[in-house]
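Below is one structure, written out as structure tokens; comments come after it.
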Amino acid sequence: MKTKNLIWQWVVNIILTLIACCCILPFVLLFTSSITDEQEMYRHGYSLFPEKISFDAYTYLLQDAGKITHALSITIIVTVVGTVTGLILTALLAYPLSRSQLPWRNFWSFFVFFTMLFHGGLVPTYLVYTQVFDMKNTIWALIVPGLLMNAFYVMLMRTFFATSIPEPVIESAKIDGAGEFGTFIKIVLPLSLPILATVGLFQTINYWNDWFNGMIYITDSKLFSLQNLLNRILLDIQYLASSNFGNSQADLAASAPMETVRMAMAVIGVVPILVAYPFFQKYFVKGLTVGAVKG
Amino acid sequence: MLLLMMLPGIIYLVINNYLPMFGVVIAFKDFNYTKGIFGSDWIGFKNFEYLFKTSDAFVITRNTILYNCVFIILNLIIAVGLAILLNEVKKRFLSRFYQSVILLPYLISMVIVGYLVFAVFSMDNGLLNKTILPMLGISEIPWYSEAKYWPYILTIVHIWKSAGYLCVIYLAAIIGIDKEYYEAATIDGAGKWMQIKRITLPLLMPVVTVMTLMQIGRIFYSDFGLFYQVPLNSGALQSTTNVIDTYVYRALMNLGDIGMSSAAGLYQSFVGFLLVFISNYVVKKINRDNALF
Amino acid sequence: MRRNKQGRKAGLAVLSTVIALSMVLAGCSSKKESEADKPSSGNGLAPYEVTVAFFGNEQKDMLEVQDAMNKITKEKINATVKLMPIAMSAYQQQTNLMLTGNEKIDLMITSSGLNYSTQVAKGQLNPMNDLLDKYGEGIKNALDPDQIAASQINGENYAVTAVRDLASDYGILMRKDLLDKYHIDPGKIKTIDDLDAVFQVIKDNEADMVPLVAKNPGTAPFNAGYITYDPLGGGVGVLPNYDNNLKVVDFYETKEYADQLNTMHRWYQKGFMLKDAATSKQDGREMVKAGKAFAYFSNLKPGTEIEASRKSGKEMTVVRLTDAYTTTDSIQGIMWAIPKNSQDPARAMMLLNLLYSDKELYNLFTWGIEGKHYVKKSDNVIDYPPGVDIQNLGYNFGTPYMFGNQFLSYTWTTEDPDIWKKMDEFNKSAKKSKALGFSFDVDKVKTEMAAVNNVLTEYRVGLETGTLDPAENLPKFIDKLKAAGSDVIISEKQKQLDEWAKSRK
């Protein structure tokens, strides 16, 4: 039994190590390309082991250090506020949906799910947020539209609540005199840390990586988020290549930045999220231990 | 009380999703800025015509559906498999390491993924053509003009990018499974394989079903970045890389027509809606609890 | 039971909110129309803020420049300016949304590339003729009547072009040091077929270098580099040789196009171009700068040599291969328009007029504040302030041709001080396309256009970079275009062109 377990552990670890390599290698390539000397890049192309290293791309980006740190602070505020609020909204909506006592449960489920299928499109959404709620060029425009809560996570959490938290646990809490809300806070949430951490992580990533809201709702540079700043350059290149402008007076912008700079921008965009990740992992593990004593 | 808890979320959905739905009328209108949304003239289904009036209509629909089917199935198998494996890792440090690493690809934007793929497949200085193929004695392959390779490349890229993400969801569900089941099974002498088959998989079913249903709802949509940025918009690859989203993008890039883009969205939603309805019905027949609604 | 009641109450609340909101919305989309032209001039004007939308990425010192501009505009037209630079890639979408949402924009950049004629058809822009007559004297002085008329639709200006290079010829830019090194006489290059020999020399002697690249990433070398026809607004259907007796043809079916493709394919096979040419995302000029490329095709204007050399950091020799022509597209490339949303179109026009006639204001907008963003070397010549270069300059959108009348611009020490005189001559001496002034409204054939756009992206870059063999793919390309409805577009174009020609007589 013992040796069998040991072999099993080895097999698992070897497979996972291989997979991890597949995931990590391209990222290493991304990083090395960002520190490859520009000339070298043109001459020998991409390489995992650049012959000549240069941090030019980063110094180039850091010229705008003030701009970047400002954008970073916007991104952090938006991510934190958005994730926390979004998580609360999602959990509050998902929990009742998971309870069989909820009146018209199927209707509400459908009500939520329907939003995943149909949407009015960009123009009406824009009108609602700018005309009715006057969010244009406010930080709310980066937080609220589209990202705050989405049906996908609600359905996911609902399913988790429904399957992982036994009805008897909830019933017994109620017998002890706790109200619906009290049960939810004291019993259900602590048992659901894994899914809360998962959805929280996804929300964080979504907020972190979002540039679309910025592109649509923000024209004031004081509110540019990091991704907005970085993506703008990439998007401009793509636009130049594919629009009608390519045909006529095409000198519209300064020429596209070097490949290395684009790579450096990607690295700058990813690193902070990596730093934040262990924070979420802590809760995965916590969920494990809490889950073990429940029931 | 339960309804009260739901209220904030419901209000948000009303604002964010239901309120803008009045905008679907745009799809049936010849939108004019002076006249506004409601004042513009009705033109029936004219905005939809471009989606069908092309010799590519079949190709893009086929591509969209085939890719999505393959993605749904492979994602399911690989992500669930990964999650189970991850759950088996005893060393906490290693487990955390793997978790972080498999999520890495999800964090990189598709534009950059496109560059990375180019680094591998480029004719002039790609890793494959310059290093690996010569070692194997194979002559250069013009990857970006040979459409036949791209279904594989795109599938691999997609799995690479999203398996980690889905795996985290399944992992959360597995972690949520009561440990007592496993303890009992171990006492009964059930092996690892048996435990996975009899405990983990059945208890994962609800999450798997929901995830799959939700993906079916989006079967007419595709990841624009994957199909546009990764093949670098190479025309020669369009027979295997053109999907509805890229078709619409290319069609409207220079037209900027709001009516026509709404029409495309409506069409995609409508088909997804039908498919979900049917599959949800089937699921309901099999197991009421797993259905979405 | 109690729970149910509460729920219903909540439901009601939601419902009534929805109704209220949609009513507000409906109101928003219909409330309209402003107190347009007030018959006032000079100083009796109420203060007003003119919002100006244009392409560009935010500059660090923009607000400072804006304040300085306000000092001038406040005094002259009692208006302040609000600059609103929008990233190029987001421009069309954002302006469309803002116009839908009735947000305030008073002046904005438009272009044939943004479907100017469709914008007009869709009612986005204010007619301008009256405003030009009343408040646009400076604009009228800065432009020829022909140049103003070229952006008219049915006799009405909805936009007016910026004063800049309004014609274009095409040719190739090559590294001068290498031409000298291999004793190549650029004067002997008369047609594109003369280039084979040149490229061969480079290919044979410079192992690290590719002879020909495309100027813009993701395009073919001839794209914006070598054009011999009037594109008539893009898409399919062009006027070969800028005349062809106003008969629109499908350029992709002409012998000329087939010949070009054969040349390209030959060049590609001889290794004169990147093997990745069809997918390369590298900027041609950057590659020249990095010493990786020798030449690229480009549209030209007076001063191209200097501008290109500065950009590439290598001295470039220009060989002009076509005559200079003025077309509707070259004039409509960058224009200023007053959108429907402007609450005071008259004031917007007054500001525009200043940008075309007030030297101080134009240079402020374009180059920033004297002493901070540039220093004067002589009356009309400027340079970077000490310790400042293009990398750390706090204000420079890099698009001097956009901000009104470029002929008012100071010249940089690296530029020809007579450049604007030469540019003016160039504009005036350029031949005029027979269809100059015709704008194509794509709206009627947009279904076909959508399908055709897809076929174009499928084949053009591959064929025009020589990556695809034309013998096999050109016929396929043409067939697919036809299947997508190119003939419908061409005949619609012809119809509109005929009507336009008739109305001109």
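Below, the figures for the structure above:
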read-out: Rg followed by Dmax, in Å, when segment B:42-288 is reduced to its Cα trace; value: 21.7, 71
read-out: Solvent exposure of chain B as accessible area per residue, Å², 1.4 Å probe; value: 39
read-out: Exercise: per-residue mean of other protein chain Cβ atoms within 10 Å, B:36-43; value: 4
read-out: Table column - 3J(HN,Hα) (Hz), segment C:57-62, Karplus curve with 6.51, -1.76, 1.60, x for Gly and Pro; value: 9, 2, 9, 4, 9, 4
read-out: GNM result for chain B, Cα springs below 10 Å: residue of B:Val282, B:Val113, B:Val243 fluctuating most strongly; value: B:Val282
read-out: Probe 1.4 Å, accessible area per residue of chain C, Å²; value: 38
read-out: Translational diffusion coefficient (Stokes-Einstein; Kirkwood radius from C-alpha pairs) of segment B:95-184 at 20 °C, 1.002 mPa s, in µm²/s; value: 135
read-out: Stokes-Einstein D in µm²/s, Kirkwood radius over Cα pairs - segment A:87-188 at 10 °C with 1.306 mPa s viscosity; value: 102
read-out: Integer Hz, Karplus 6.51/-1.76/1.60 couplings in order for segment A:204-221, x for Gly and Pro; value: 4, 4, 4, 5, 4, 8, 6, 10, 5, 4, x, 5, 8, 9, 10, 10, 8, 5
read-out: Cubic angstrom per residue, convex hull over Cα atoms of segment B:7-67; value: 125
read-out: With DNA, RNA and ligands ignored, accessible area of A:Ile15 (1.4 Å probe; Å², nearest 10); value: 70
read-out: Angle in degrees between helix A:2-34 and the longest Cα principal axis of chain A, rounded to the nearest 10; value: 40
read-out: Highest-fluctuation residue, A:Leu25, A:Leu189, A:Leu148 considered, GNM on chain A with Cα pairs under 10 Å; value: A:Leu25
read-out: For B:Lys29, distant residues with modelled amide H under 5 Å away; value: B:Ile43
read-out: Spatially proximal lysines relative to C:Lys476 (Cα-Cα < 21 Å; intrachain offsets below 8 disregarded); value: B:Lys53, B:Lys148, C:Lys255
read-out: For segment B:188-256, fraction of C-alpha pairs farther apart than 17 Å, in %; value: 62
read-out: Calculated FRET value between A:Val84 and C:Lys255, using beta carbons and R₀ = 51 Å, to 0.05; value: 0.15
read-out: Interchain or long-range residues, amide H under 5 Å from C:Ile105's placed H; value: C:Asn341, C:Ser342
read-out: Helical contribution to [θ] at 222 nm, DSSP H n ≥ 4, -39,500 (n - 2.57), averaged over chain C, rounded to 500; value: -13500 deg cm²/dmol
read-out: Charge dipole of segment A:1-54 about the Cα centre (unit charges at C-beta), most positive-ward option of A:Asn13, A:Ile35, A:Thr3; value: A:Thr3
read-out: Alpha-carbon centroids, segment C:131-169 and segment A:59-128: separation in whole Å; value: 47
read-out: Sequence ranges A:63-69, A:82-88, ranked by mean other-Cβ count within 10 angstrom, highest first; value: A:82-88, A:63-69
read-out: Solvent exposure, largest accessible area first (probe 1.4 Å, DNA, RNA and ligands not counted), of A:Trp211, A:Trp140, B:Trp42; value: B:Trp42, A:Trp140, A:Trp211
read-out: Dipole moment magnitude, nearest 20 debye, chain B about Cα centre, only Lys, Arg, Asp, Glu C-beta charged; value: 500
read-out: Partner chain coverage, peptide A:11-23 - average Cβ within 10 angstrom; value: 6
read-out: Rg over Rh, two decimals, segment A:1-54 (C-alpha only, Kirkwood Rh); value: 1.36
read-out: Chain C - Rg (one decimal) and Dmax (whole number), Cα, Å; value: 25.6, 97
read-out: Reachable lysines from B:Lys35, criterion Cα separation under 21 angstrom, eight or more residues apart if same chain; value: B:Lys46, C:Lys31, C:Lys32, C:Lys104, C:Lys122, C:Lys340, C:Lys444, C:Lys446
read-out: Total lysine pairs whose alpha carbons fall under 19 Å of each other in chain A (8 or more apart, or interchain); value: 8
read-out: Intensity falloff of segment C:169-325 expressed as log10 I(q)/I(0), Debye formula with alpha-carbon point scatterers, at q = 0.10, 0.11, 0.17, 0.21 Å⁻¹; value: -0.35, -0.43, -1.02, -1.48
read-out: Anchor C:Lys377: lysines whose Cα lies under 26 Å away (excluding residues fewer than 8 positions away in-chain); value: C:Lys60, C:Lys71, C:Lys301, C:Lys311, C:Lys314, C:Lys359, C:Lys421, C:Lys422
read-out: ³J(HN,Hα), Karplus 6.51/-1.76/1.60, whole Hz, each residue of segment C:327-332, x for Gly, Pro; value: 10, 4, 5, 5, 7, 7
read-out: All-pairs Cα distance distribution in segment C:96-224, expressed in whole percent, bin size 5 Å; value: 2, 7, 14, 14, 11, 8, 8, 8, 8, 8, 7, 3, 0
read-out: Built amide H within the under 5 Å cut-off of C:Ile153, gap 5+; value: C:Tyr158
read-out: Hydrodynamic radius of chain A per Kirkwood, over alpha carbon pairs, in Å; value: 22.9
read-out: Probe 1.4 Å, all protein chains present, accessible-area order of C:Thr110, C:Thr413, largest first; value: C:Thr413, C:Thr110
read-out: Convex hull (Cα only) mean projected area of segment C:436-505, reported in nm² to one decimal; value: 5.6
read-out: Among B:Ile26, B:Ile219, B:Ile37, residue whose mean-square fluctuation peaks in a GNM of chain B (springs only between Cα atoms under 10 Å); value: B:Ile37
read-out: Cβ neighbours within 10 Å from other chains - mean over A:218-228; value: 3
read-out: Per residue Cα convex hull volume in Å³ - calculated over segment A:1-139; value: 282
read-out: Within chain A, helix-based [θ] at 222 nm, where runs of 4 or more DSSP H residues each add -39,500 (n - 2.57), nearest 500; value: -23000 deg cm²/dmol
read-out: The protein assembly as shown: radius of gyration over Cα atoms, expressed as a fraction of 2.2 N^0.38 Å; value: 0.98
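The values are calculated or read from the model by the stated rules, or taken from the named source; none is laboratory data. Because the structure is a prediction, the values reported are computed rather than measured. Cβ: placed from backbone, ideal geometry, glycine included. Neighbour counts: every protein chain shown. Heads up: the accessible areas ignore ligands, DNA and RNA and are worked out on the full protein's heavy atoms, side chains in. Shrake-Rupley method; radii C 1.70, N 1.55, O 1.52, S 1.80 Å.
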